[in-house]
Structure formats: C-alpha cells, structure tokens
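A.B. asks: Quick one: this structure, given as structure tokens, is what I'll be asking you about.
The values are calculated or read from the model by the stated rules, or taken from the named source; none is laboratory data. This structure is a prediction, so every number in the text was calculated from the model and none was measured. FYI the Cβ positions are ideal-geometry reconstructions off the backbone, even for glycines, and counts take in every protein chain you see.
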Amino acid sequence: MQDVFEKLWNNRRKVEAEKAKSWLFTTAHNTMINFRKKKGRIHLTDDVQAFDRGVSNHYFESRQVVDRAVSILPPVQKSVILLRDLEGYSYKEIGEILTLSDAQVKVYLFRGRKKIKKQLKGMVELV
C-alpha cells in the first residue's frame, strides 16, 4: 500500500481529486498483480551449498562490472533494463508499471543497452 500512495504522491498533479479513489484502487490492483508475477519469478532457497557450487571470484567481478555499468544509466533506462532483462517483464507490462508506451519502452531499452555496451567496451579496452 505504501508504494501505491507513493505513486499517487508522485502523480498528484496528473490525478484529479475526484478520481483519486478509483485511481488508488486501480493502481493497487495493478501493483498486486505485478507483485504476484514477480514473486512467481523469484525462487528462494535456504541451500547455501547449492549456491556456493560453481561460483567463482570471476562471477562476482563480472557482476560488479555489470552493476557499475547499469548504475550510470538515467533512472528510466535503468528501470526498463532491470524490469526487462532481470525480471523478465514484457514490453506491455513495463509500460504499465512505468506509465510508458510500448514504443517508449523499446527506445529506452535500446538506448540503455547501447550505453551499457559502450561502457563495457571501454572497460575491456582498459584491460
């Protein structure tokens, strides 16, 4: 619920006062659906040994490099890339979450990936 009210606060200039109640219900419903979809994608385990098998320092170094490359992106591009590539949402779902059109999602995704590729290419040339 806190996320829904935060979204209302962020969109307070766009949402008419008379329609705030229905906007809250719709947003809460969509947020719940997104949470359920996300929860279905995440597989939690208590088995630390299964995680430790096959994990090397190289993986952690690579992960840090990718995290750093993603962190330089503007917030919208970062959100789109994380939702698409890490969470597995569709263009339509991302558009609904971030209130963007499908075309905008594709453009932000393309530009974000291009920036990451350029950043990683620059890091490889340094090595």
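A.B. asks: Quickly run through region 103-116 and pick out the residues that are over 12 Å from ARG84 (Cβ atoms) and without any contact (Cβ under 8 Å) to a residue 40 or more places away in the chain.
C.D. replies: Going residue by residue through region 103-116, those that are over 12 Å from ARG84 (Cβ atoms) are 103-104, 107, 111, 114-116.
Passing the criteria: ALA103, GLN104, VAL107, ARG111, LYS114.
A.B. asks: Any residue that is closer than 26 Å to ASP3 by Cα, surrounded by fewer than 16 Cβ atoms within 10 Å (Cβ to Cβ) and outside the structural domain of LEU8 (by TED's automatic domain parsing) - is there at least one of those in region 118-125?
C.D. replies: At the first step, the residues of region 118-125 found to be closer than 26 Å to ASP3 by Cα are none.
Checked against the condition, which is being closer than 26 Å to ASP3 by Cα, surrounded by fewer than 16 Cβ atoms within 10 Å (Cβ to Cβ) and outside the structural domain of LEU8 (by TED's automatic domain parsing), region 118-125 yields no hits at all.
A.B. asks: Let me ask something else. Every residue in region 97-117 that is among the charged types (D, E, K, R) and crowded, with 16+ Cβ neighbours inside 10 Å, please.
C.D. replies: If we filter region 97-117 for residues that are among the charged types (D, E, K, R), which is where we start, we get 102, 106, 111, 113-115, 117.
Scanning region 97-117 gives LYS106, ARG111, ARG113, LYS115.
A.B. asks: Here's a follow-up. Tally up the residues in region 77-108 that are among the polar types (S, T, N, Q) and under 8 Å from the mean Cα position of the chain (by Cα), please.
C.D. replies: Taking region 77-108 first, the residues among the polar types (S, T, N, Q) are 77, 79, 90, 99, 101, 104.
Still in the running and under 8 Å from the mean Cα position of the chain (by Cα): 79.
Looking only at that region, the number is 1.
A.B. asks: Would you confirm whether or not region 72-79 contains a residue that is exposed (fewer than 13 other Cβ atoms within 10 Å of the Cβ), of a type in the set (A, V, I, L, M, F, W, C) and free of Cβ contacts under 8 Å to residues at least 12 places away in the same chain?
C.D. replies: Of region 72-79, the ones exposed (fewer than 13 other Cβ atoms within 10 Å of the Cβ) are 72, 74-75.
Subset that is of a type in the set (A, V, I, L, M, F, W, C): 72.
Among the residues that remain, those that are also free of Cβ contacts under 8 Å to residues at least 12 places away in the same chain are: none.
No.
A.B. asks: If I filter region 20-64 down to residues being more than 30 Å from LEU8 (Cα to Cα) and under 18 Å from the mean Cα position of the chain (by Cα), which single residue comes out as modelled with the lowest pLDDT? So that I can check it myself, show each step before the final result.
C.D. replies: The first filter runs over region 20-64 and keeps only residues more than 30 Å from LEU8 (Cα to Cα), leaving 43-64.
Okay, now just the ones that are also under 18 Å from the mean Cα position of the chain (by Cα), so 43, 63-64.
Numbers: HIS43: 58, ARG63: 70, GLN64: 75.
Step by step, filter region 20-64, then rank; the result is HIS43.
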